[in-house]
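> Sharing a structure, written as structure tokens. Questions coming.
Readers should treat all values here as calculations from the given coordinates under stated rules, not as data from a laboratory. These numbers come from a predicted model, not from an experiment. Positions of Cβ are generated from backbone atoms using ideal geometry, with glycine treated the same way; all protein chains shown enter the neighbour counts.
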Amino acid sequence: MTFKTKITLGFLALLTLLLALGGYAFYTVRQLDQSARGILKDNFYSVQLGQQMLRALDGLDVRPEDAAALAQFRESLTREAGNITEPGEKEIVDSLTAHLATYERLTDAAGADGRGAVGQQLRGQTHRMVQLNINTLEANNDRATATATRAGYYLLLVIGLSVLTALTFVVRVPAAAVAPLRRLAVSIEHATNQDFSATIPVESTDEFGQVALAFNQLLVQLNEYRNSTMAQLVTERNRAASIVNGLNEGLLLLDQHRTILLANPVACELLGLEASQLLGRPAAEVALENDLVRTLLQPLETAGGSRNGSGSGSEVAEAPLLHITQRGEEAYFRLDVQDLLSFNEALNQKEFAGQILTLRNVSDFKRLDQVKSNFLATVSHELKTPLSSMNINLRLLQDERLPADERQRVTASIRQETQRLQRMVGELLDVSRLDAGAGIQLDVKPTNLADVVRYATTTVQAQLTDKQLHLDLQLPPDLPAARADVEKTTWVLINLLANAIRYSPPGETLTVAAEAMGQKVRVSVQDRGPGIAAEHHERIFQRFAQLPDPSGYRGGSGLGLSIAREFIATQGGRLWVESELGAGSMFCFTLPVI
């Protein structure tokens, strides 16, 4: 039997059940309708006649001589005599007829007293006749209700049998039809998991048997190609995906219609979007919601407009650096655009297939370039100032009319500028040695930091005097010896004192303190200068760092604090600053105790 025949028989069986159920329901409703009609015809009509007779008696009570009311009562009684259906109803009707005749005779004889008594008997008999029919009506209604209930039960029974029969067809026929499909689905699922051994048993010659035979042949062929080039392609694809996802550059792949096909994790992070929000969407649509995507598309539009896939398009102009905030830090990216071309063998020509947009992080190169520019500007400024001063002073020395004391002052100025140049060259040499990996040569030994502090403050005493600054030394007598290089530590302290003197207003006090802190000794230099904002606390220790100064002083080379931190860190200590704007600054460093 074919699959089509099975389905047809199942539908025919269901149709037969539906017709049988409908026929039985129609028969039951018809029987109930006939029963209800009988009740109305036999008893309800007698009740209506009784009500008419009672209304006529009500009229006679008001006007005993009312001939119309008497005629209505007689007519209703006559109709009731022709509709006697219940036992005892004939006796009541006969009694009513006799009492009516008596009532009429009394009316003709003008016997008012007798009419009233007969009228009450007529009313009583009429009530008995009505009540008899109402009781019969209620009994018939109960029987009809019972009949309807039984019919409902029978109908439910027929419905239950029909449902069971239908369920049998519903369960068996589809199962017989769908079972081969399920076996086919299981085999396909195994095949998708590279298992080609799950063949379908050929159990019939119908349509499913033919499909099973053809599918088994397909599995055999797929099993032969199991180790073909497809596995190699999958491997290469996975390798390419790993490479793309592992790149530290943002990568967007667009097709010829500018639809986003690929976005690696770096690109998603820069755009602030998930991959699901990018893939499959037109780049122009995403650009409406994302400023960075709009910026990336601008070079493409200005270079050659949109491409329709047939031409190669014009070259994309080099895009400017993009300034992007990444993980809370400023970063610079260079946009590179590469056209993708595919070879159409049918047309024997190359066709435009899309574009790769690469965001290359050039922040390190940008910073190096900025450092180079700052370095050249700083060194040029620092060299120009003393050289110009020395040139002017040398011209003054060439004038023989210059007094001797003035010559001494000019000579001292030249010596001071020369020392400044020597200090700058020394700092540059230290930095070059650090960059070359030569390291810092230390002569570490037990050191009395109180002596280091006194020597450093004595060295800068002339600068303190020139600026009228007061020095407050806080050196406890029980200060433990530190493990330090005397020369490097003294250099650091002199550098900190020189900075404090430079930024302190005249007449203020500089505080130099030393104290033991567990296994460390801390030395601090506190000034009353303008202070340093919190966001610059780490920047000032970077090489060539220059902070804005309201007084217009540009500072030194920007290397002193960087070298000082290197010196202290190499000795096992730490150098930092504690400062707020308008509250002065305190530079501190620690060294280990012996």
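> Taking the alpha-carbon distance from Lys467 and a cut-off under 17 Å, which aspartates and glutamates remain once sequence neighbours fewer than 8 residues away in the same chain are dropped?
List returned: Glu508, Asp527.
> Just want the answer: with Cβ charges of +1 for Lys and Arg and -1 for Asp and Glu, which residue in Leu100, Gln52, Ala146 is farthest toward the dipole's positive end in segment 3-176?
Ranked along the dipole, the leading option is Ala146.
> Would you list Leu184, Leu100, Leu288 from fewest to most Cβ contacts within 10 Å?
Going from least to most buried by this count: Leu288, Leu184, Leu100.
> Now a separate question. Taking the beta-carbon count within 10 Å as an exposure proxy, list Leu496, Leu122 from fewest neighbours to most.
Final ranking by Cβ density, sparse to dense: Leu122, Leu496.
> How do Tyr153, Tyr332, Tyr103 line up, fewest other C-beta atoms within 10 Å first?
The order, fewest Cβ neighbours first, is Tyr153, Tyr332, Tyr103.
> Here's a follow-up. Determine the shape class of segment 131-220: with a ≥ b ≥ c the square roots of the Cα gyration tensor eigenvalues, call it rounded for a/c under 1.5, and otherwise prolate if a/b is greater than b/c, oblate otherwise.
It comes out prolate by the Cα gyration axes.
> Taking the Cα centre of segment 444-592 as the origin, how large is its charge dipole in debye, to the nearest 20, when only Lys and Arg (+1) and Asp and Glu (-1) carry charge on their Cβ atoms?
340
> Select from Ala564, Thr590, Ile501 the residue farthest towards the positive end of the dipole of segment 444-592; place +1 on Cβ of Lys and Arg, -1 on Cβ of Asp and Glu, and compute about the Cα centre.
Ala564
> Using the alpha-carbon centroid of each, what span in Å lies between segment 39-95 and segment 453-505?
137
> Next up: How charged is the neighbourhood of Lys467? Take every other residue with its Cβ under 10 Å from the Cβ of Lys467, and add Lys/Arg as +1 and Asp/Glu as -1.
Here the charged neighbours net out to -1.
> Which aspartates and glutamates have a Cα less than 14 Å from the Cα of Lys372, not counting those fewer than 8 places away in the same chain?
Straight-distance partners of Lys372: Asp364.
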